[in-house]
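Each remark here refers to the structure printed beneath this line.
The values are calculated or read from the model by the stated rules, or taken from the named source; none is laboratory data. What you see is a predicted model, and the numbers here were worked out from it, not measured in a lab. Neighbour counts are summed over all protein chains in view; Cβ atoms, including those assigned to glycine, are modelled from backbone coordinates with ideal geometry.
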Amino acid sequence: MEVKGLLRRAGAIAEIPGVVLQAKRMYHGTTLGILVKLYKSITRRYLPEEAFYRGLLNPTVPDSEFDRNCSRSDMAKLQRSRNPLAWEYLLADKSIFYRYCELAGIPVPSLYALWSKHTPGWTCNGRLLTRRDQWVTFLERDCPPDIVIKPNRGVYGNGIQFFQRHDGRLLDPAGRAFSAGEVLDSLVSDREFDMFVIQARLRNHPLMERLHGTDALHTLRIVTVLQADGGCVIPYVKYKVIGGDAYVDNFRHGHLGNISMEIDIDTGTLREPYSQRVEPPRVHPKSGRALAGFQIPFWEETLATVKDCARKFSPIGTVGWDVAVTPTGPVIIEGNIWYDPPSPSDVRPVISAIHLADAC
Amino acid sequence: MDADRITRHTRILLQIPVVVAQAVMRHGGHLPAIARKLVLSLKHRYEPREAFAKELLDPTLPDSEFSKHLSRSNMSRIQRQCNPAAWEALLADKSVFYRYCTVCGIPIPTVYATFSKYSPGVTQSGKLLAGRQQWVSYLLEECPPEIVLKPNHGFYGFGIMFLERTHGEFVDNYGKHFRAEAVYDRMMSDKKSDMFVIQERIRNHRDIARLSGSQALQTMRMTTVLQADGSVTLAWAHLKLAGGEHLVDNYRYGELNNLMAGVDTRTGVVRQMLLSHNSKITAHPKTGIPIVGFQIPYWSESRALVERSARKFSPLGTIGWDVAVTQNGPMIIEGNIWYDPPSAPDIADFLAAFRTLIPTPKKN
């Protein structure tokens, strides 16, 4: 067995005690009952933590629930069968992804600059910035006032920073003021990433902002599967609603208080919220407005944009796109070839679409 | 010490006995003098094989010769300072590179299909192909009869196949016959590459073909350096000419008998021949046609093309482009961020091109 596989197994074993304790607290079940569920999960290729967050360790949940779900590992196997690994970079690295999208005519947030730790950076007017003082000037004066800084290889919204410039100072959403030098220092000292994307901060469509009661950006996760004839199907869409005080809409197993909402693909309206673990809210926690039945604006345009985008990334066969609906229409925020498996009610259409494409 | 460094040091140690033996044979004895030159080479960060190929182990050459060259290692150091590592994938993988060029509007040989071993491939029309049967049908019925098969991660021309379909079979450049199934099996069984690009075969401009008397596609290596203000400098250019019977023009330290000719970056006129063992000639050894003074066709168009391409690939600061001049104009064949260092006479001008990107590019 290779080292990576051994490490993954060791990590899974280390998760077990914590997961069993959490499950006991949540479900008030016996240790034996939870361990039986855990054993069944592991034999179906779920990691312990994954099984817990999917509600599969609940002793009262029937075993048939395993068949309705799809483990991360099985999903990855399907994704590998459709996506050439060599093309992963085109989506995984945001600096490459946004440049490619702009050149291919795919709507993405305007790219202002690419900052690189060890090499000169790029700005949208074609100039290269090689020195710190040039970057300070760029942030203080040259770039537009509302910006997002994202690590090029960040996932789950980690490391994203939002700034608004006032009188040469950069304010984050909490109202803290930073100098351009301090912002640069945070990039230089970042141990995980060597490159960052500096781009326009987007706002949602006004109807969506009213629903959420916040100006933080909410996105749709839309999964596409290319078909043998070059056509594209959309088997799954969900809406990621920020429920807590976070400024990103990633679900992260519910740690951020965000809610994942399913959407009727035909109409673009939100369905009843669903969670296997806890009772989900029926109204938005901040605005108090009803979530189910909300009509996503620009629905037809959104589906058309995503299908067009998927074709431009062929031979990548299946992608989970994050799409923001803005006042002027849909904008692609990112694409993921290793997207998380959808919830039970939606996972079968995705698997069927992938198998159908294989069979053609 | 990290794993890469250990690998490099081991490689160097293993090269020493072979290279010393070769140098002794070529330069006729003088072991202590050769050993001294080898130590000097290592100090200047040359690998033994590289120093031997550049004639730096010749005991009769003055030590000042080192300052006229740039080692591969120091070249890589400059390249690392100019090119973000994350962007390497965009050039290193040919299937991705050609797609990026296509969306940029950069002229490349038409990509008929992209083959993938473990996932469906895609044809020019957007159709996905999976499995032996579909690929065999495609090769026999849909794709044009003259194709080039390139592994997505190939370099120095390794693994490239030139095929022509006649009477339901494929014939390669050595006259060997293949059934379409065998072509598919060959791609599937390739141990180094998971993907292949199936591409149009390009022919050179007639002036270049006449010069070398070869049907091989001969390209120019044009090295661009972006400047801080966004402009592009063509730092170095050379023409790669087929000298042997091979259909690739890569130099590979002279192993293929191919030739390199330095080109004046302003005019596109060949200035001098650069061969292995430092010998210099003025006419092509096969055709006898003078090479020095040869005007490369479509020179200003080629310059404009690499300058435009370099901007599209920014923030990559320096790229070595392989440009084919065809009867209808120039085309990009590939881009390399780890291109080999230029040859001796052009080093100073070459390094000067980096002054706005790197304050003091280190030579040796």
Any hit, the stretch B:186-204, residues being within 22 Å of B:His238 (Cβ to Cβ) and of a type in the set (A, V, I, L, M): yes
Pair list, Cβ under 6 Å, 6 or more apart: the stretch B:93-108 residue more than 9 Å from chain A (Cβ to nearest Cβ) and surrounded by fewer than 23 Cβ atoms within 10 Å (Cβ to Cβ), other residue small (Gly, Ala, Ser) and in a helix (DSSP H, G or I): B:Ile106/B:Ser309
Hits in the stretch A:212-230 - residues which are polar (S, T, N, Q) and assigned to a strand (DSSP E or B): A:Thr219, A:Thr224
Identity of the residue in the stretch A:51-71, surrounded by 22 or more Cβ atoms within 10 Å (Cβ to Cβ) and assigned to a helix (DSSP H, G or I), that ends up farthest from the other protein chains (Cβ to nearest Cβ): A:Phe52
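Name the residue that is modelled with the highest pLDDT, counting only residues in the stretch B:306-347 that are in a helix (DSSP H, G or I) and within 25 Å of B:Glu50 (Cα to Cα).
So, considering only residues that are in a helix (DSSP H, G or I) and within 25 Å of B:Glu50 (Cα to Cα), the one modelled with the highest pLDDT is B:Ile347.
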Scan of the stretch A:148-168 for residues that are under 17 Å from A:Val188 (Cα atoms) and either free of Cβ contacts under 8 Å to residues at least 12 places away in the same chain or exposed (fewer than 14 other Cβ atoms within 10 Å of the Cβ) (or both), ordered by number: A:Asn158
Long-range neighbours under 7 Å by Cβ, at least six apart or interchain, first residue at negative phi within the stretch B:42-66, second surrounded by 20 or more Cβ atoms within 10 Å (Cβ to Cβ) and basic (Lys, Arg): B:Leu56/B:Lys37; B:Leu57/B:Lys37; B:Pro59/B:Lys37
Subset tally (residues that are in contact (Cβ under 8 Å) with a residue 12 or more places away in the chain and either part of a loop (DSSP other than H, G, I, E, B) or more than 7 Å from chain A (Cβ to nearest Cβ) (or both)) for the stretch B:109-127: 10
Condition met for A:Asp74 (of a type in the set (Asp, Glu), surrounded by fewer than 21 Cβ atoms within 10 Å (Cβ to Cβ), within 30 Å of B:Asp93 (Cβ to Cβ) and more than 14 Å from chain B (Cβ to nearest Cβ)): yes
Residue match in the stretch B:317-330 (condition: within 14 Å of chain A (Cβ to nearest Cβ) and either out of contact with any Leu (no Cβ under 8 Å at 6 or more places or on another chain) or not hydroxyl-bearing (Ser, Thr, Tyr) (or both)): yes
Residue under evaluation B:Ala130, criteria (1) within 13 Å of chain A (Cβ to nearest Cβ); (2) over 30 Å from A:Trp115 (Cβ atoms); (3) surrounded by fewer than 19 Cβ atoms within 10 Å (Cβ to Cβ), criterion not met: (3)
Strands (runs of 3 or more DSSP E) (entirely within the stretch B:140-256) containing at least 3 residues that are at pLDDT 90 or above and within 14 Å of chain A (Cβ to nearest Cβ): B:195-200, B:219-226
When residues of the stretch B:299-316 are limited to those that are away from chain A (no Cβ under 14 Å) and of a type in the set (A, V, I, L, M), the one farthest from B:Leu90 (Cα to Cα): B:Ala304
